[in-house]
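*Asks:* Please read through the structure below; I'll follow up with questions.
The values are calculated or read from the model by the stated rules, or taken from the named source; none is laboratory data. Just so you know, these numbers come straight off a predicted model, no measurement behind them. Every residue, glycine as well, gets a Cβ built from its backbone with ideal geometry; the counts of neighbours run over all protein chains shown. With ligands, DNA and RNA removed, areas are computed over all heavy atoms of the protein, side chains included. Shrake-Rupley method; radii C 1.70, N 1.55, O 1.52, S 1.80 Å.
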Amino acid sequence: HNARIVSIDVTNQSEGIVEVGDLIKGIEKAIEYKVDIINISIGCLKDDEELKSVIKKAWDNNIIIVSSAGNYMENNVLYPSKYKETLSVGSLNKKGKIISPQGDVDKKVVFHSNMYRLSSIAFRKEK
């Protein structure tokens, strides 16, 4: 099987931060590219209707959305990882202990070791 990684930069280069609007544009671009998987390794504390809408649009286009639950979060999961359309991913340390999110969270989270990270936002199968 052939796969192609499509990197979509959503970082504001002048400030080095990611605004929700830029993340939304990046997800829209991934939908336009007809990717199979979107990996989002950033998040925010506040819900955003436009973000929720574009995540639903990706889901409706049969795109799997993998999203970070958050770094060192306790009793909380970041958006967009909180949305039901995403696969929420947390991390474990080398000994298998949960790093994040810890405590009671309102969503099932898949945990993985932080030894291997995916840094790109989208993937697409070669045709």
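*Asks:* Could you sort Lys95, Lys34, Lys52 by accessible area so the largest value comes first, with the probe set to 1.4 Å? Intermediate results must be reported in sequence, preceding the final value.
*Replies:* Numbers: Lys95 190, Lys34 150, Lys52 85 Å².
Output order, biggest surface exposure first: Lys95, Lys34, Lys52.
*Asks:* Using a 1.4 angstrom probe and counting only protein chains, how large is the accessible area of Val54 in Å², to 10?
*Replies:* Approximately 10 Å² for this residue.
*Asks:* Between Thr11 and Lys84, how high is the FRET efficiency from 1/(1 + (r/R0)^6) when r is the Cβ-Cβ distance and R₀ = 35 Å? Nearest 0.05.
*Replies:* On the way: r = 27 Å, r/R0 = 0.77.
Calculated transfer efficiency: 0.85.
*Asks:* Using modelled backbone amide H atoms (1.01 Å from N, in-plane), which distant-in-sequence or interchain residues come within less than 5 Å of Gly70's amide H?
*Replies:* Amide H to amide H, under 5 Å and 5 or more residues apart or across chains, Gly70 pairs with Leu78.
*Asks:* Something else: How big is the dipole moment of the range 1-84 about its Cα centre under a simple scheme where the beta carbon of each Lys and Arg is +1, that of each Asp and Glu is -1, and everything else is neutral? Debye, nearest 20, please.
*Replies:* 320
*Asks:* Using 0.36 nm per residue of separation minus the Cα-Cα distance, give me the extension gain between Lys46 and Arg4 in nm, one decimal.
*Replies:* Working: separation 42, 0.36 × 42 = 15.12 nm, distance 3.21 nm.
The Lys46-Arg4 span can extend by a further 11.9 nm.
*Asks:* Using the Cα centre of the range 1-48 as origin and beta-carbon charges of +1 (Lys, Arg) and -1 (Asp, Glu), tell me which of Ala30, Val20, Asn2 is placed farthest towards the positive end of the dipole.
*Replies:* After comparing all options, I get Asn2.
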